[in-house]
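Every read-out reported here was derived from the displayed coordinates using simple, explicitly stated rules and does not represent laboratory data. The model shown is predicted, which means the values in this text are computed figures rather than measured ones. Every residue, glycine among them, receives a Cβ derived from its backbone with ideal geometry; neighbour counts consider all protein chains shown.
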Amino acid sequence: MAALLTSNRVLIAFLLGLAMLPLFAAQFTVTIVNYIGLYALVALGLVLLTGIGGLTSFGQAAFVGLGAYATAYLTTRHGMSPWGTLIVGMVITTAVSLALGFITLRLSGHFLPLGTIAWGISLYFIFGNVQALGGHGGIDGIPPVDLFGLELGSSRAFFYVIWITLLAAIITTQNMLDSREGRAMRCLRAMTMTEAMGINTLRYRMVLFMIAAQFACVSGWLYAHLQRFVNPTPFSLGQGIEYLFMAVLGGASAVWGAVFGATAVSFLKEWLQDWLPKLLGATGNFEMVVFGLLTIVVLHRARDGLWPILLRVFAIVAPQRQQMREVEPALPLPRRDAPAPGSEVLRVIEVTKRFGGLVANNKMNLTVRAGEVMALIGPNGAGKSTLFNCISGVNPATEGEIRFMGKRIDQLGSREIAKLGMSRSFQHVRLNQDMTVLENAAIGAHLRGRKNFVQSAWRLDREEERRLLWEAAHQLQRCGLGEHLFDTCGSLPLGKQRIVEIARALCSDPTLLLLDEPAAGLRHLEKRALAELLAKLRGEGMAILLVEHDMDFVMGLADRVLVMEFGEYLAEGLPQEIQTNPKVLEAYLGGVDE
Amino acid sequence: MDAAVALLLAQDGITNGAIYALLSLALVLVFAVTRVIYIPQGEFVAYGALSMAAVNAGFLPPTMWLVVTLGIAVAIVDSVAAIREGAKARLPMVIFKNAVLPILAVIVVRQLPLKDLAYVLQVLIALAFVVPLGPQVYRLAFQPVAEASVLLLLIVAVAVHFVMVGMGLYFFGAEGARIPPFTDGGVTLGPAYVQYQTIWIVGIAALLIAGLALFFEHSIYGKALRATAINRTGARLMGISADLAGKLCFTLSALVGAFSGILIAPITTIYYDTGFLVGLKGFVGAIIGGLVSYPLAAAGAVLVGLLESYSSFYASAYKEVIVFTLIIPVLLYQSLTTKHIDDEEDH
């Protein structure tokens, strides 16, 4: 029996059942499933915002209200067609979400939710007090939607409109997440890394918030034409919080979590509203106590919500055969012009970095040329990673000048520097542990693609996507990770994760590669393979600056070595000179007793 | 508007502003120490006011069984933790403090002639059955996820708000309540007639704020809280328990919230869900202080009170809209002047 239950078949059975539902089900069931569809659309937006973007909004009900009131007002008072009002609603939603995003998204992550609380409350009071919008009484007499001359007046007919919209939203969302811009969105929480890969995190946070608002607006438009009447009640802040509970309970990390959450909350609410007043002997919204408690328990015990648990149970009941996956070959991506071998790529001049009173780097100088490996060594706390952060713009220098390819970069952000052809790895691995190795590496190739999220939602990006993934697979294979392409990064040992970081950096086709302790955690053979790879990259003309503690590795590979101690320059020279330099020996081994 | 009305509105605004200032200080404290954006702060205002109304009318504090239930839950959770750590010697104290003490308190309070007690004693009884909810909520809802992101803590906070509002309806009913003022009457100060209760509110708020300042400057617990706010890991390495700091500031914020409710209830009718909007106005004050500065938060809260008061005169239907729109220019200013964005992955 188990073999009959594949996830595709379950999905098809679900869709068939859904399609037949209005033909057979009782009116009550059709109504509740209609509402589930409307709720799930809003929750889907919150999945994007919360689960993917690491942000959240309590004001989604207000966007639903915006969509509903826009069509209610314009169709009844100005006789506009519902299709026209949909566009008007979406335009207003875009403007509001961009404005709110502009104000709050530059600040810490919690200012967006606080801003949306204020927005949710304000809009609710406006709906209730503006006489043109019917005040607390609302607006009735909203016309039904007319599709190619077919009037969708009954809730059974409208069922199809709601669910086709929802399914289209789910499919386009899944498409979008499985693309260049989608990968960037999935990495937004690791902001330092994402920016260092040249990705504008602010833009993607804005986009996610805007999409979530649009889904809510469309849900409101559907609601108004299903109900044919609107009043302020369903657009309150409380409802906005309930939408968030749906997303969190269902599972904010998966698009189907939204559908599951909306379904579970809707049925539970019906049931609780029947039983709780009898149980407590009083009337009121006591189901909110249950939803609140459930949310707390879920966030304590299963942060990804109930949907992943359901999937795990399904996997036990019906084990799925692992699908064989391959990366399709594609044309290589265009490469940037390489500098002439031996020409200067990076020059650091008198760079000082202070943290308050602490001088972490004091008047550091160094140069790196095309086709050479420069090693930066020194005891722990010497300021090597700090200097890396200054060079790559992750944490800019306090004073001094840094030139990359002849251009001054010490005042630029890490994103701008990445665009110029510098790429880096991090001392503490910064990968998305839930994405595959291939997807993580492809983040590095972000700047080499152009297609945007709208194109990817409609799969107009496939040619470019193949080329990006082919590049990522190619770089991973070079780094010896060809057999791990489809493993999640979290399943790899730490040493291999560092290599994924190198492959990710290589995907950007860099002129200069900054590697922060690439050999840490590697076994002997893996270190040798890494040294061979870096030597090969040097042979191709790449400039490499690396921080490393493994002296065998450094001395066997580096062309020149610079030693730092206490944030200052100690010595510089060929590997053999450094090995015999008395100052260096003292720094590493302590003073020699005479 | 003539001068008399303007003065009246100013008096009203400063009174409410004093309450918002107290709440905004508590919010900044909780956020700085635990990173929790404490949405349920306002519920303590309603719980405090409505419990006082109940006790004043001679009823038992409605939340007493909640305090007992949560106390038993905390005792269980803490006992399990103590057994796991092999610190069984702690068990009797854990059980006594969390479970037995609230039950004893219930037994005592049932013997008292509540209606005939002195006003001050009634206040203390009301507080005794609301304030413990603060640390209990911290222990049960927040401590298990104390290391999680600000976002997750915020969602938990909203969930706690939902639970507390729902329970508030059950405990106190949908009817609003008022309590008698601390002192009846008022006094004519120059051109204005000022109610004694207004003087009480502003005076006590000022005293509480000064008290909090002294607490943070001079007491060892206050210094521990400040240290935790500046650097959690560093404070822990110095032997300051993050759990203790969390419990302490949730206790303080519950006390401030509940007492604010008792202060304001003689001049405004409080309903079970009034607290939310009151708390949010405290938030607007706190946001004006960037969620970090105590003096700016307090000043912002007074500004909120004045704005609310004057807008209720000019456009009463839109007063909430006007108050909440105040955060837009504030956020815009902060947004245009900040360069650094918190990067949670590094914590």
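Which of the aspartates and glutamates could a cross-linker bridge to residue A:363, judged by Cα under 16 Å and excluding same-chain residues fewer than eight apart?
Result set, ordered by chain and number: A:350, A:399, A:401, A:410, A:565, A:568, A:572.
Of B:88/B:247; A:384/A:527; A:384/A:407; A:269/B:281; A:419/A:536; A:407/A:496, which pairs sit farther than 28 Å apart, going by alpha carbon to alpha carbon?
In this structure, A:269/B:281; A:407/A:496 exceed 28 Å between Cα atoms.
Please state the equivalent ellipsoid semi-axes for the protein assembly as shown: what are the square roots of 5 times the Cα gyration tensor eigenvalues, largest first, in whole Å?
52, 38, 27
Could you give the dipole magnitude of the protein assembly as shown about its Cα centre, charging the beta-carbon of Lys and Arg +1 and that of Asp and Glu -1, in debye to the nearest 20?
For the protein assembly as shown, the charge dipole is close to 780 debye.
As I understand it, the value is the acute angle between the Cα axis of helix A:60-78 and the longest principal axis of the Cα atoms of chain A; what does it come to in degrees, rounded to 10?
In chain A, helix A:60-78 runs at an angle near 50 degrees to the longest axis.
Provide a whole-number value for the mean count of partner chain Cβ atoms within 10 Å of the Cβ atoms in peptide A:28-37.
0
Given the rule -39500 (n - 2.57) for each run of at least 4 DSSP H residues, summed and divided by the residues of chain B, what is its mean residue ellipticity at 222 nm, to the nearest 500 deg cm²/dmol?
-22500 deg cm²/dmol
With r defined as the distance between the Cβ atoms of residue B:243 and residue B:65 and R0 fixed at 22 Å, what FRET efficiency is calculated, to the nearest 0.05?
The value I calculate is 0.30.
Assign one of three labels to region B:1-105, namely rounded, prolate or oblate, based on the Cα gyration tensor with a ≥ b ≥ c the square roots of its eigenvalues; rounded applies when a/c is under 1.5, prolate when it is not and a/b is larger than b/c, and oblate otherwise.
It is oblate, given that a/c is not under 1.5 and a/b is not larger than b/c.
For the Cα atoms of chain A, what angle does the longest principal axis make with the long axis of helix A:524-539, in degrees from 0 to 90, nearest 10?
With both axes taken from Cα atoms, the answer is about 80 degrees.
Be a star and scan region B:224-238 for residues whose amide nitrogen sits under 12 Å from the point 7 Å along the Cα-to-Cβ vector of residue B:89.
none
What FRET efficiency comes out for the pair residue A:174/residue A:408, r = Cβ-Cβ distance, R0 = 60 Å, nearest 0.05?
In this case the efficiency is close to 0.90.
Scaled to the compact-protein estimate 2.2 N^0.38 Å, what is the alpha-carbon radius of gyration of region B:204-298, rounded to two decimal places?
Normalised by 2.2 N^0.38 Å, the Cα Rg of region B:204-298 equals 1.22.
Check cross-link reach from residue A:451 to the aspartates and glutamates: straight Cα distance under 14 Å, and skip same-chain residues fewer than eight apart.
A:178, A:181, A:461, A:463, A:464, A:465
Give the average, rounded to an integer, of partner chain Cβ atoms located within 10 angstrom of each Cβ in A:115-127.
Mean partner-chain Cβ count within 10 Å for A:115-127: 5.
Based on the Kirkwood radius over alpha-carbon pairs, what is the Stokes-Einstein translational diffusion coefficient of chain B at 20 °C with 1.002 mPa s viscosity, in µm²/s?
102
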